[in-house]
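The values are calculated or read from the model by the stated rules, or taken from the named source; none is laboratory data. Owing to the predicted nature of the structure, the values given are computational and were not obtained by experimental measurement. Every residue, glycine among them, receives a Cβ derived from its backbone with ideal geometry; neighbour counts consider all protein chains shown. Note: accessible area is taken over every heavy atom of the protein model, side chains too, but ligands, DNA and RNA are not part of it. Shrake-Rupley method; radii C 1.70, N 1.55, O 1.52, S 1.80 Å.
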Amino acid sequence: MADEVILLDYWPSPFGIRARIALREKGVEFESREENLRDKSPLLLQMNPVHKKIPVLIHNGKPVCESMNVVQYIDEVWSDRNPILPSDPYQRAQARFWVDFVDTKLFKPADQLWQTKGEEQETAKKEYIEALKILESELGDKPYFGGDTFGFVDIAMTGYYSWFEASEKLGNFSIEPECPILMASAKRCLQRESVVKSLHDSEKILELAYKLRKIYCV
Amino acid sequence: MAEEEEVILLDFWASMFGMRTRIALAEKGVKYDYREQDLWNKSSLLLQMNPVHKKIPVLIHNGKPVCESLFQLQYIDETWPDNNSLLPSDPTYKRALAKFWADFIDEKVNVAARRIWATKGEEQEASKELIEILKTLESELGDKDYFGVETFGYVDIALIGFYSWFGVYDKYGNINIESECPKLIAWAKRCLQRESVAKALPESEKVTTFISERRKKLELD
């Protein structure tokens, strides 16, 4: 049976990119539909009435929402190749824990880095680096969070890696001296074929970040 | 599976998150050592087993910690797969849907609920928000007996602990959840008929008394 896979997405989204990467890791053909977040399509509102957010994966007409939920779904449906989550229940629980950490501890400071200035921005920077350091300590001497292979937590982090440059420029700091090992892993992830194909020009992301900052930081 | 399983749960009696794990372990018939934690004087075991968040519940299985209640549910379901599936096994789409609603509960219910009793001045707005969220859940439940469709499952377990706190929200939010969401209350009472749930949930009055004391300590009353 031919699968119909549609991804409702927004090009710079660090969450949308997770779904793109997962689909490409599995070699799944999909149709990407760009959403205008200021003028959301009826399809998006119909497929994600609760949150009205992207990404939404529509598989044979049925919607799956929330980026890491989408990634797990993709892993389970196309389970015959390139596993994203480990098979051991304890390792899976650890992977889920760290993705939850990423989304609860990195998310807010990452946003505030470009949305705020002055003292508020400094606090956000501190929190952001603190969270990255904890993640770096969890990474240890592994090439990826998934160990030898690119996995669930790496996919989650790649969303943030894609915004590293913009975060650094807007926050006026450098991540590499603070977290050199994490940075090395980030560079490794950013070179993966599935990521390269899913990533948009970092210049464009930076341009957007500056534009958004002007709107938020009057 | 090893013959000798050591399962420990670091928990706090009133935690709606701890209740989830208690229910899941009971549903699977897993014997465990329940260890009540003092949240204002955290044990060295808790700090060692959950150094990142320092929170309960923590499930320790053969010495290895699993943190975050929803991940504990998934871990329990995957480790003891033989009886009482918590998540649908098939189709995969139903699993994704169950996870979506459990995430919704975590994102929305707790945040609004906490604002009702733990703040001053935000109760009215927060209680309005909570009712809206509970109505969304009620609408998702529809005419089903459980969120898990035919059987009690993941989403039911994710939500039911909050029922023991409804008295708190009613009192400090000046609302009446039963009259606003009668179907949800009917669902909760149905869940309470299950032994695993009845044993895991504390008496509503006990929770309300506890929060009344907490509010005094926080100088909200």
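Annotation note: Cβ proximity below 7 Å between a residue of region A:41-53 that is farther than 15 Å from residue B:101 by Cα and modelled with pLDDT of 95 or more and a residue that is part of a loop (DSSP other than H, G, I, E, B) and not acidic (Asp, Glu) (sequence gap 6+ or interchain) occurs for A:44/A:52; A:44/A:54; A:45/A:52.
Annotation: of all residues in region A:116-150 being assigned to a helix (DSSP H, G or I) and in contact with a Cys (Cβ under 7 Å, 6 or more places away or on another chain), the one that is surrounded by the most Cβ atoms within 10 Å (Cβ to Cβ) is A:132. Scanning region B:193-221 for residues that are open to solvent by 70 Å² or more (accessible area, probe 1.4 Å) and assigned to a helix (DSSP H, G or I) yields B:195, B:199, B:205, B:206, B:209, B:213, B:216, B:217. Set side by side, the residues B:60, B:160 differ, and just one is at pLDDT 95 or above, open to solvent by less than 10 Å² (accessible area, probe 1.4 Å) and either outside any helix (DSSP H, G or I) or basic (Lys, Arg) (or both), which is B:60. Taking region B:112-154, which residues are among the hydroxyl-bearing types (Ser, Thr, Tyr) and more than 14 Å from chain A (Cβ to nearest Cβ)? Result: B:119, B:127, B:146, B:151. Going by the conditions given, is residue A:202 polar (S, T, N, Q), in contact with a helix residue (DSSP H, G or I) (Cβ under 8 Å, 6 or more places away or on another chain) and at pLDDT below 95? Considered against the rule, which asks whether it is polar (S, T, N, Q), in contact with a helix residue (DSSP H, G or I) (Cβ under 8 Å, 6 or more places away or on another chain) and at pLDDT below 95, residue A:202 comes out as yes. Among the conditions (1) assigned to a loop (DSSP other than H, G, I, E, B); (2) over 19 Å from the mean Cα position of the chain (by Cα); (3) within 9 Å of chain A (Cβ to nearest Cβ), residue B:93 misses just one, which is (1). Within region B:35-46, does at least one residue satisfy the condition of being away from chain A (no Cβ under 13 Å), over 23 Å from residue B:103 (Cβ atoms), in a helix (DSSP H, G or I) and of a type in the set (Ser, Thr, Tyr)? Checking region B:35-46: at least one residue is away from chain A (no Cβ under 13 Å), over 23 Å from residue B:103 (Cβ atoms), in a helix (DSSP H, G or I) and of a type in the set (Ser, Thr, Tyr). Considering only region A:61-118, state which residues are on the phi > 0 side of the Ramachandran plot and more than 9 Å from chain B (Cβ to nearest Cβ). Answer for region A:61-118, where residues must be on the phi > 0 side of the Ramachandran plot and more than 9 Å from chain B (Cβ to nearest Cβ): A:61, A:82, A:118.
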